[in-house]
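Notes for the one structure printed next.
The values are calculated or read from the model by the stated rules, or taken from the named source; none is laboratory data. Predicted, not measured: the structure shown is a model, and the values here were computed from it. As a convention, Cβ positions derive from the backbone with ideal geometry for all residues, glycine included, and neighbour counts pool all protein chains shown.
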Amino acid sequence: MGKVLIIGAGGVGTVVANKVAQNSDLFTDIMLASRTKSKCDAIAEDVKRRTGITIDTARVDADKVPELVSLMNDFKPELVINVALPYQDLTIMDACLEAGVNYLDTANYEPKDEARFEYKWQWAYRDKFEKAGLTAILGCGFDPGVTSIFTAYAAKHHFDEIHYLDIVDCNAGDHGKAFATNFNPEINIREVTQKGKYWEDGQWVVTEPHEIHKPLTYPEIGPKESYVIFHEELESLVKNYPTLKRARFWMTFGQEYLTHLRVIQNIGMARIDEVEYNGQKIVPIQFLKAVLPDPGKLGENYTGQTSIGCRIRGIKDGKERTYYIYNNCSHQEAYKETGAQGVSYTTGVPATIGAMMLMQGIWKKPGVFNVEEFDPDPFMEQLNKQGLPWHELFDVDLEV
Ligand code: NDP
């Protein structure tokens with residue numbers, strides 16, 4: 001029924017390639033393109049072995065609009081799933097407009113020379129997509145993505161008004177490495193070393209990095225020290241749910257991880273500006289990426305699970321209610337199914353489901369949208385079918 005072009009052949013691209021191939025009734029022609037074609041070929045070979053489905057591959061530099069347009073004009077996909085890096089969001093959106101292709105991603109644009117992710121750059125494309133009659137779905141991974149859809153589902157079915165939202169993200173996995181990031185190290189380190197930020201009483205409150213923390217209890221895992229950080233879905237959720245009095249995002253970090261992170265920052269390896277080295281210009285954080293473990297290859301020895309969800313307090317039928325909706329995902333199960341670890345899996349599966357929603361015409365309207373602006377129900381149904389089942393708890397102590 002439909003042609004899909006996946007851009008990016010990292011951990012998340014591996015999962016998306018596997019999941020679209022598993023749903024080949026909807027995705028009849030699949031192409032995987034990235035900067036390094038050999039990585040696409042290796043993934044395609046593995047997907048063929050697992051599912052029997054053939055995926056075409058291509059090399060593309062997604063920083064270059066003409067290259068992207070030419071690839072899209074040749075292959076003529078209905079949709080591009082962008083699982084390259086946030087730096088490529090705008091060039092891929094430009095190319096989609098030029099070639100008349102719908103767009104989906106999992107992380108919002110950030111400029112390379114400034115560690116600041118915001119939706120303003122992509123929201124500025126609204127009119128263009130609307131005029132072109134094309135759909136752009138932003139932030140369709142787990143967080144952002146499923147966390148926003150969980151919030152939409154809660155607002156639709158369980159609350160008249162939501163007042164307090166705490167998104168809680170725990171990775172209780174062990175990959176056996178002294179230090180590794182679970183997705184692209186450059187993007188990850190830029191994200192977690194930023195100042196904390198949350199929404200309260202109509203304004204943003206800024207904190208020092210990792211200033212607010214406390215142990216939160218995660219299902220089947222137990223208590224884990226959790227830290228308030230800024231995360232991109234907060235920006236759209238506070239706009240789309242104006243009844244929110246407070247919205248925060250908590251993420252767990254181990255002491256070992258935080259110590260490494262502090263050292264990396266203190267010695268200047270988290271710098272994103274260019275430095276001279278042996279007559280050559282290098283960006284320290286990009287060099288660091290080259291020596292750190294590849295997140296896409298952590299899966300084999302990864303044990304334990306992730307637990308990500310939303311803890312919500314609000315009003316239903318005049319009474320206060322608390323609600324906790326979450327998914328737990330096993331790194332080992334993810335690896336067995338796709339060859340990638342749980343963080344890539346929890347991102348790649350929702351991206352695939354978002355693509356299914358678009359291909360089926362369920363989430364298809366001209367413009368640029370965050371995922372909570374669509375009907376959550378058909379997506380929630382697919383989460384249960386595609387490997388990320390969710391659970392609900394009512395009237396529990398939310399701890400936050
Ligand atoms: P990886 O670094 O493993 O993979 C990124 C891929 O993009 C690589 O194959 C890389 O190519 C390719 N790429 C980079 N630049 C270009 C370019 N200019 N042209 C073409 N291809 C390019 O990252 P992940 O798979 O871990 O993450 C992918 C995306 O998913 C990121 O944007 C990340 O922020 C997002 N993410 C979202 C989450 C969510 O829940 N919403 C959670 C985790 C990740 P090469 O191999 O040559 O370097």
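Hey, can you tell me all the residues within region 171-212 that are outside any loop (DSSP other than H, G, I, E, B), over 24 Å from residue 327 (Cα atoms) and among the polar types (S, T, N, Q)?
Matches in region 171-212: 203, 207.
Would you point out which residue out of 193, 151 is crowded, with 22+ Cβ neighbours inside 10 Å, hydroxyl-bearing (Ser, Thr, Tyr), touching a residue at least 24 places away in the same chain (Cβ under 8 Å) and not assigned by TED's automatic domain parsing to the domain that holds residue 104? Write out each step before concluding.
Details: 193 fails: crowded, with 22+ Cβ neighbours inside 10 Å.
It is 151.
Condition check: in contact (Cβ under 8 Å) with a residue 12 or more places away in the chain, of a type in the set (Gly, Ala, Ser) and not in a strand (DSSP E or B). Does residue 290 satisfy that?
Values: in contact (Cβ under 8 Å) with a residue 12 or more places away in the chain: no; of a type in the set (Gly, Ala, Ser): yes; not in a strand (DSSP E or B): yes.
Against the criterion (in contact (Cβ under 8 Å) with a residue 12 or more places away in the chain, of a type in the set (Gly, Ala, Ser) and not in a strand (DSSP E or B)), residue 290 does not qualify.
Scan region 1-18 for residues that are assigned to a loop (DSSP other than H, G, I, E, B), at pLDDT 95 or above and either over 14 Å from the mean Cα position of the chain (by Cα) or more than 9 Å from the ligand (Cβ to nearest atom) (or both) and jot them down.
Hit for region 1-18 is 9, nothing else.
What residue, of 202, 133, is farther than 27 Å from residue 287 by Cβ, out of contact with any strand residue (DSSP E or B) (no Cβ under 9 Å at 6 or more places or on another chain), away from the ligand (no atom under 16 Å from the Cβ) and touching a residue at least 12 places away in the same chain (Cβ under 8 Å)? Working first, answer last.
Values: 202 fails: touching a residue at least 12 places away in the same chain (Cβ under 8 Å).
The unique qualifying residue is 133.
Determine whether region 321-339 contains at least one residue that is more than 20 Å from the chain's Cα centre (by Cα), crowded, with 22+ Cβ neighbours inside 10 Å and away from the ligand (no atom under 12 Å from the Cβ).
Checking region 321-339: at least one residue is more than 20 Å from the chain's Cα centre (by Cα), crowded, with 22+ Cβ neighbours inside 10 Å and away from the ligand (no atom under 12 Å from the Cβ).
List every residue pair whose Cβ atoms lie under 6 Å apart, where the two residues are 6 or more positions apart in sequence or sit on different chains, the first residue falls within region 95-108 and is in the same structural domain as residue 66 (by TED's automatic domain parsing), and the second residue, located anywhere, is more than 16 Å from the ligand (Cβ to nearest atom) and in a strand (DSSP E or B).
As it stands, the answer is 102/79; 102/135, since those pairs meet every condition given.
Mind checking whether some residue in region 25-32 is without any contact (Cβ under 8 Å) to a residue 40 or more places away in the chain, surrounded by fewer than 24 Cβ atoms within 10 Å (Cβ to Cβ) and near the ligand (Cβ under 10 Å from one of its atoms)?
no
Does region 344-361 contain at least one residue that is surrounded by 21 or more Cβ atoms within 10 Å (Cβ to Cβ), outside any helix (DSSP H, G or I) and touching a Ser or Thr at 6+ places or on another chain (Cβ under 9 Å)?
No, because not a single residue in region 344-361 is surrounded by 21 or more Cβ atoms within 10 Å (Cβ to Cβ), outside any helix (DSSP H, G or I) and touching a Ser or Thr at 6+ places or on another chain (Cβ under 9 Å).
Please determine, by comparing only the residues of region 278-320 that are basic (Lys, Arg) and modelled with pLDDT under 95, which one is surrounded by the most Cβ atoms within 10 Å (Cβ to Cβ).
If we filter region 278-320 for residues that are basic (Lys, Arg), which is where we start, we get 281, 289, 297, 311, 313, 316, 319.
Narrowing further to those that are modelled with pLDDT under 95: 289, 297.
On the way: 289: 18, 297: 15.
If we take residues in region 278-320 being basic (Lys, Arg) and modelled with pLDDT under 95, then 289 is surrounded by the most Cβ atoms within 10 Å (Cβ to Cβ).
Where residues in region 47-64 are surrounded by 19 or more Cβ atoms within 10 Å (Cβ to Cβ) and of a type in the set (A, V, I, L, M, F, W, C), which of them is nearest to the ligand (Cβ to nearest atom)?
Restricting attention to region 47-64, the residues satisfying the condition of being surrounded by 19 or more Cβ atoms within 10 Å (Cβ to Cβ) are 47, 55, 57, 60, 62.
From the residues that got through so far, the ones that are of a type in the set (A, V, I, L, M, F, W, C) too are 47, 55, 60, 62.
On the way: 47: 15, 55: 14, 60: 6, 62: 3 Å.
Only one residue tops the list, namely 62.
Just to be sure before I move on: is residue 220 in the same structural domain as residue 180 (by TED's automatic domain parsing), within 16 Å of the ligand (Cβ to nearest atom) and either closer than 26 Å to residue 389 by Cβ or crowded, with 18+ Cβ neighbours inside 10 Å (or both) in the structure I sent? Let's see the steps before the verdict.
Details: in the same structural domain as residue 180 (by TED's automatic domain parsing): yes; within 16 Å of the ligand (Cβ to nearest atom): no; either closer than 26 Å to residue 389 by Cβ or crowded, with 18+ Cβ neighbours inside 10 Å (or both): yes.
No: the conditions fail for residue 220.
Go through (1) outside any loop (DSSP other than H, G, I, E, B); (2) more than 16 Å from the chain's Cα centre (by Cα); (3) not hydrophobic (A, V, I, L, M, F, W, C) for residue 364 and report which single condition fails.
With (1) outside any loop (DSSP other than H, G, I, E, B); (2) more than 16 Å from the chain's Cα centre (by Cα); (3) not hydrophobic (A, V, I, L, M, F, W, C) applied to residue 364, the lone miss is (1).
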